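One structure is given below, encoded as structure tokens.
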Amino acid sequence: MPAITREEVAHLALLSRLDLSEDELAHYAEQLDVILGSVARVSEAVQQLGQGQDIPPTSHALPLVNVTRPDVEQPCLDPADVLSQAPAAQDQRFRVPRILGED
Amino acid sequence: MSTSTVNLPSYEDALATYDPVMGLEVHVELGTVTKMFCGCPTAFGADPNTQTCPTCLGLPGALPVVNTKAIESAIRIGLALNCEIAEWCRFARKNYFYPDMPKNFQTSQYDEPIAFNGYLDIEAAGKTWRIEIERAHMEEDTGKSTHVGGATGRIHGAEYSLVDYNRAGIPLIEIVTKPITGTGEHAPEVARAYVAELRELIKALGVSEARMELGQMRCDANVSLRPIGREKFGTRSETKNVNSLRSVERAVTFEIRRHAAVLNAGDTVIQETRHFHENDGTTSPGRVKEEAEDYRYFPEPDLVPVAPARTWVDELRGTLPELPSVRRNRLQAEWGATDHDMQSIQNAGAVDLIVQTVSLGAPADQARKWWMGELARHANEQEAELGDLAITPAQVAELVTLTTAGTLNDKLARQVIVGVLAGEGSPKQVVAARGLAVVSDDGALLAAIDEAIAKFPDAADKVRGGNQGPAGQLIGAVMKTTRGQADAARVRELLLERLSG
Ligand SMILES: [Zn+2]
């Protein structure tokens, strides 16, 4: 049984706003299945290393905590620069297409 | 399309069959100088897109760094809500696409909130309710979209949207209650009182001005109904971004009636988000609620964990101010108010207004009388909060000074209030401009008294003969001549003097 179904890939594609063809869905489902299979093998290895003890997943490569900054203002970008990368702008705001089917 | 109230059961009928369960999620914008993850300022009302940088615009390669002050505020809120403070917690990405969120994810916290398992005691309907707090977590606000085109200015029918990212990245604390049960018919009142108490608390902590009309504090109200006596919760709806205390109460009331109608008809309530409409107090459906896993939360790789030292947490505990409920008890004693009075004052949002008025020299009973009487009536009439009325504590204190000095009687003072609320200036200016001062010139009063005696000689004779009954008729005539601007007690005094001599 595959680790990820084609339906799940279609659902993820929708959430990610990716317009995938039927062929692409099949293709990525196959590739993702291989990737998930490999990750599962890593998990197995970790379990063996832990000798039955639970090893928490690593979320950060650095053993750091509390990297913060003081609440002090820094210079902002010039709005002209901010909008220079926008496909469309109006009234110093980003102009975006209307959003369909959502509210 | 919003559901009309026409075909809904009455609130009382709904509560006769069903038991409401609520869950309240309140977002508070912190009053930090800079944003959550970058040094952009947070000042309200700046020109669009002038308070942005690569981080809050989500430009590639930009890295976030957490604002210390925001963490400090979050911990202080957590402590004030009697929460445990996490020894170690992370931020997470909440993934979804929306133009007001340039990164395509919101940096939030998922299963590791900074504060959890607390409570807030509130007063409503004459008793104390303990509202259990599930969690308080840190996240960031989104940008602001303006929908252009279309008839209503709402998103439906809009041709395009304009986005300003000044607000994107402003620190938010989301405070989530556990399911609130057992409130029965008092549910809407409890919801309102909880948000009111939370707002007081936030203000007392000084972490935000919590002005709901500016969106600095907004409430998502989850409501579900279950048949009375049943354990299992019903399906909930979530009414989003309710932004006044009055609206919280109205939204919950409406949803109780709407759910009851759905259930009475044998239908199932749909789990969805809804929008509240201030104009008619109804709600209408928004998007169908996405499942939590659809947000594909995962730990934010660009931010290392937050691990507040216990010594720091203890230090912050020491900075907690007198909490609003403690302060209220103190004020109640100082003012000699009953529990019921105090509850009304709190519900009306009048505590601070009265405190300020008293600090400007007005006696407490007078300050209370005007705010909770005539001004509350005006607020009610305008469907506004007391604090939003166009009158300041200083002006109320001035009004009290004028009444105590005898320049105004209560009737005239009420007219002065109308003038102040209409923007005619301070009470003194209104008195001068409208010529409202009490006629205290005995000469003018005596002239009016003589006129009254001449007009009602029979009444005057009776009073002369020792029967004071008809005096009222004469005093009434004097008050009429002076258009209510006479001091009735002084008129009686002068009248009796005149008729006894
Ligand atoms: Zn920024």
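Which of the residues that make up the stretch A:36-75 are away from chain B (no Cβ under 14 Å) and in a loop (DSSP other than H, G, I, E, B)? The answer is A:Gln51, A:Gly52, A:Gln53, A:Asp54, A:Ile55.
Tell me the residue from B:Leu360, B:Leu436, B:Leu421 that is over 26 Å from the mean Cα position of the chain (by Cα) and on the phi < 0 side of the Ramachandran plot, please. Criteria check complete, one pass: B:Leu436. When the stretch B:25-41 is filtered for residues that are more than 8 Å from chain A (Cβ to nearest Cβ) and within 10 Å of the ligand (Cβ to nearest atom), the ones remaining, listed by number, are B:Lys35, B:Met36, B:Phe37. On inspection, B:Glu249 fails the criterion of being under 16 Å from the mean Cα position of the chain (by Cα), at negative phi and exposed (fewer than 15 other Cβ atoms within 10 Å of the Cβ). Within the stretch B:44-79, the set of residues being of a type in the set (Gly, Ala, Ser), within 22 Å of the chain's Cα centre (by Cα) and within 17 Å of B:Val207 (Cα to Cα) comprises B:Ser73, B:Ala74, B:Gly78. Against the conditions (1) under 30 Å from B:Lys35 (Cα atoms); (2) away from the ligand (no atom under 16 Å from the Cβ); (3) out of contact with any helix residue (DSSP H, G or I) (no Cβ under 7 Å at 6 or more places or on another chain), A:Val72 satisfies every one except (2). Within the stretch B:54-80, residues that are farther than 30 Å from B:Arg317 by Cβ reach partners that are within 16 Å of the ligand (Cβ to nearest atom) and assigned to a helix (DSSP H, G or I) with beta carbons closer than 8 Å, at six or more positions or on different chains, in the pairs B:Leu57/A:Val82.
A quick yes/no check of all residues on (1) within 16 Å of the ligand (Cβ to nearest atom); (2) of a type in the set (A, V, I, L, M); (3) under 25 Å from the mean Cα position of the chain (by Cα):
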{"site": "B:Asn117", "(1), (2), (3)": "no, no, no"}
{"site": "B:Asp121", "(1), (2), (3)": "no, no, yes"}
{"site": "B:Ala125", "(1), (2), (3)": "no, yes, yes"}
{"site": "B:Trp129", "(1), (2), (3)": "no, no, yes"}
{"site": "B:His137", "(1), (2), (3)": "no, no, yes"}
{"site": "B:Asp164", "(1), (2), (3)": "yes, no, no"}
{"site": "B:Thr177", "(1), (2), (3)": "no, no, yes"}
{"site": "B:Tyr194", "(1), (2), (3)": "no, no, yes"}
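Here's the yes/no breakdown for (1) in contact with a strand residue (DSSP E or B) (Cβ under 8 Å, 6 or more places away or on another chain); (2) assigned by TED's automatic domain parsing to the domain that holds B:Leu412; (3) modelled with pLDDT of 85 or more:
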residue	(1), (2), (3)
B:Ala454	no, no, yes
B:Pro457	no, no, yes
B:Lys462	no, no, yes
B:Gln468	no, no, no
B:Ala471	no, no, yes
B:Gly476	no, no, yes
B:Asp487	yes, no, no
B:Arg490	no, no, no
B:Leu495	no, no, yes
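Residue count for the stretch B:44-85 satisfying the condition of being more than 14 Å from the ligand (Cβ to nearest atom), more than 8 Å from every other protein chain (Cβ to nearest Cβ) and in contact with a Pro (Cβ under 7 Å, 6 or more places away or on another chain): 2.
The values are calculated or read from the model by the stated rules, or taken from the named source; none is laboratory data. Quantities reported herein were computed from a predicted structural model and do not represent experimental measurements. Cβ atoms come from the backbone with ideal geometry, glycine included; neighbour counts cover every protein chain shown.
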